[in-house]
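J.: Sharing a structure with you now.
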Amino acid sequence: MAGLDIKALLAEHAGEDYDLYASAINPQFVRMLRTIGYDRTWSRAEGSYIFGAAGNRFLDMYGGFGMFNVGRNNPRVRQALIDTLEAETPGSVQLGVSTLPGLLAQELLRRTPASLERVLFTNSGTETVEAALKLGRAAAGRPRVLSCEKGFHGLTLGSLSANGGVEWSERFGPLLPGFSRIPFNDLDALEAELRTEDVALVLVEPVQGKGVNLPEPGYLEGAQELCRRYGTLFCLDEVQTGFGRTGTLFALEHWSLEPDLMTVAKSLSGGYIPVGALLMSTHVYNRVFDSMEHAVSHGSTFAPNDLGMAAGLATLHELDEQGLVGRSARMGELLLERTRALQESYDVIHDVRGLGLMWAMEFAEPPGGSLAWRMVERMQPALFTQLVAVPLFHEHGVLIQTAGHRMNVLKATPPLTVSEEDVDYFVQALEAVIKRARRMPSSLVRFGMRAARPGRQRVKA
Ligand code: PLP
C-alpha cells in the first residue's frame, strides 16, 4: 500500500498556503503579511536564497531568525537525515539509550570550554532556557534569577519572566517570582544584586539579539568574575550567537569565558529539526542529578531524538568542513566596513554595529533635527526602519527584519553561506532605499502607515 504522496499533496494545494494558514492557524498573522505585501508564495530555498513562485530569487538576510547558519536546505545535513532514517536507528527507546546523542554531546563538549562537561538535550531555545532556570535554581539552592534589560530568551513563562522588555509579557502575567533585571553592561548594578547572595543564576546573551547590543570591553569577564565571587551560576544564552554567528563557533570565545551553564539551539540542527542543548558544569549536574532517584529529574519525550542528533552532528561537521565560522568573521567584517561607509553620506544612520554575521544599523533623527523625521516617528515609532525594510523586500528582493518591537534598528542574521557578491548587493540595495526613505516622499509615508497599522493592532489584540 502506498503512503501519503506529499509532493502530490503540495501540488494539489499549490497557492492555498495563506488561505489554509488563515483558516486554521493564525488569521491575524496572515492579515499582517497581506497588508504589507509579504504574502508571497515561496517555492523553494537553497543556501542564502529563497525563491518565489515565479522563480525570482530573494536574498535571505533574515536566516529564519538566525537558524540557517549552514544555509537553507543544506544538502549534506539532509543526507545525514536520510541516512539516519534509512538506518532505522532505535532512537528514543526511553528505557534505554542510542548512540547518536552521546556522540553529539561529545562533539559539543569538545568545542566548548572545560567548565562545561555535561549536556542535556531539549527541543528549542526557550525550552533550553527553562532547563537552565530550573536546574540552576536547584543547583545553587537559591531562588533568584538575574537577567538583562533589553534581553530576549524566548516566549515560554520562565523565559518571559527573564526577558528584558514587557512587550511580549504584559498580558500573560503573573510571571514567575524571583526574577529581576539589571542594565546590560552595568557591573555595579550586577554586584549590588549579587551581594544579597540569594541569586541562583545570571542569564545573559553575549550579544543581545534584540538590537544587536554588544558588550562593552570587560563586561562579560567582569560579570563572570562577580558570579564566582558571590556563588552565583553564570549562564550564557548562546541560542542566537552560537554556531558561528558572531565569527567564532561560540561567542564566548571572544572573551575566553567559562560559564557554568550555556544554552544553544536554533542552528544546531542546520534548521531542519527542532533541537536545543543545555551545556553545564559537573557541579550543576551533580547537584541536580544526585542519585538514581533523580536520574530523570528533567527531560522531554522528544529529547534527545536521533534525527535531531544526526542533524546536529552533520551541522558541526559542515561548519568545520566549509570553513563557515571563518567566513562569518570575514563577511561580517566586510558588511560592517561597507555599511559604516554609508554613515558618512546619510545622517539618519545613527550607528552601525555587529560581530560576525550578527549585524545592525540604527536610525535616528539627524543631529541637526528633522521635522520630516519627527512626523514619521509620530505616526508610528520606528516607522523609518519599515520604510527601509519594506522596499528592500519589494524592490530589491532582500528579506530582512527590524531588530525588535518599536526599534529603529535594521538587523541581519543571514546564513553564514552569504558571499561577497551578496554583501555587495545588499549594501547597494540598502543605500538606494535609505536615500529614498531619507527624502520621505509622502507616498512612501502613506505606505509606511499602512504597513505599520496591523502591527499596532496585533499588539493590542
Ligand atoms: N534565547 C535567545 C538568545 C534567542 O534569541 C531566542 C530566540 O530568538 C531564544 C532564546 C528562544 O529560542 P526559541 O525561539 O527556539 O524558543
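Every read-out reported here was derived from the displayed coordinates using simple, explicitly stated rules and does not represent laboratory data. The model shown is predicted, which means the values in this text are computed figures rather than measured ones. Here the Cβ is made from the backbone with ideal geometry for all residues, glycine too, and neighbour counts use every protein chain on show.
J.: With 10 Å bins from zero, work out the P(r) of region 153-257 over every alpha carbon pair and list the percent per bin.
T.: Here the calculated profile for region 153-257 is 14, 44, 35, 6.
J.: Using helices alone, I'd like the mean residue ellipticity at 222 nm for the chain: each DSSP H run of four-plus residues gives -39500 (n - 2.57), total over residue count, nearest 500. Working shown, then result.
T.: On the way: 17 runs with 198 residues, N = 461.
Calculated mean residue ellipticity at 222 nm is -13000 deg cm²/dmol.
J.: For region 163-288, with only Lys/Arg (+1) and Asp/Glu (-1) charged at the beta-carbon, what is the dipole magnitude about the Cα centre, in debye rounded to 20?
T.: Roughly 420 debye, rounded to the nearest 20.
J.: log10 I(q)/I(0), Debye, Cα-only the chain, no solvent, q = 0.05, 0.07, 0.09, 0.12 Å⁻¹?
T.: Those come out to -0.19, -0.37, -0.63, -1.13, one per q.
J.: Let me ask you something else. Antiparallel DSSP bridges in region 184-280: what percent, to the nearest 5?
T.: 40
J.: Count charges around THR41 for me, please; just the other residues with Cβ under 14 Å from its Cβ, Lys/Arg as +1, Asp/Glu as -1.
T.: On the way: positive: ARG34, ARG40, ARG44; negative: GLU16, ASP17, ASP19, ASP39.
With Lys, Arg at +1 and Asp, Glu at -1, the net is -1.
J.: Fewest to most neighbouring Cβ within 10 Å: what's the order for SER419, SER291?
T.: SER291, SER419
J.: Another question about this same structure. In whole angstrom, and with the biggest value first, how far do the Cα coordinates of region 230-283 range along each principal axis?
T.: Here the spans come out as 40, 22, 14 Å, largest first.
J.: While we're looking at this one, here's another question. Under 19 Å Cα to Cα from LYS266, which lysines show up? Leave out anything in the same chain fewer than 8 places away.
T.: Here the lysines satisfying the reach criterion relative to LYS266 are LYS210, LYS411.
J.: Stretch ALA295-ARG195 to full length: gain in nm at 0.36 nm per residue minus the Cα-Cα span?
T.: Extra length available between ALA295 and ARG195 comes to 32.7 nm.
J.: Still on this structure, please answer the following. Mind checking the dipole of the chain: about its Cα centre, +1 per Lys or Arg Cβ, -1 per Asp or Glu Cβ, Debye to the nearest 20?
T.: Numbers: 45 positive and 53 negative charges, 336 e Å.
Its charge dipole is roughly 1620 debye.
J.: Assign one of three labels to region 45-93, namely rounded, prolate or oblate, based on the Cα gyration tensor with a ≥ b ≥ c the square roots of its eigenvalues; rounded applies when a/c is under 1.5, prolate when it is not and a/b is larger than b/c, and oblate otherwise.
T.: Values: a/c = 3.42, a/b = 2.24, b/c = 1.53.
It comes out prolate by the Cα gyration axes.
J.: Hey, another quick one. Can you sort PHE121, PHE172 from fewest to most other Cβ atoms within 10 Å of each residue's own Cβ?
T.: So the ranking, lowest neighbour count to highest, is PHE172, PHE121.
J.: With +1 on each Lys and Arg Cβ and -1 on each Asp and Glu Cβ, how big is the dipole of region 189-250 about its Cα centre, in debye rounded to the nearest 20?
T.: So the dipole magnitude of region 189-250 works out to roughly 160 debye.
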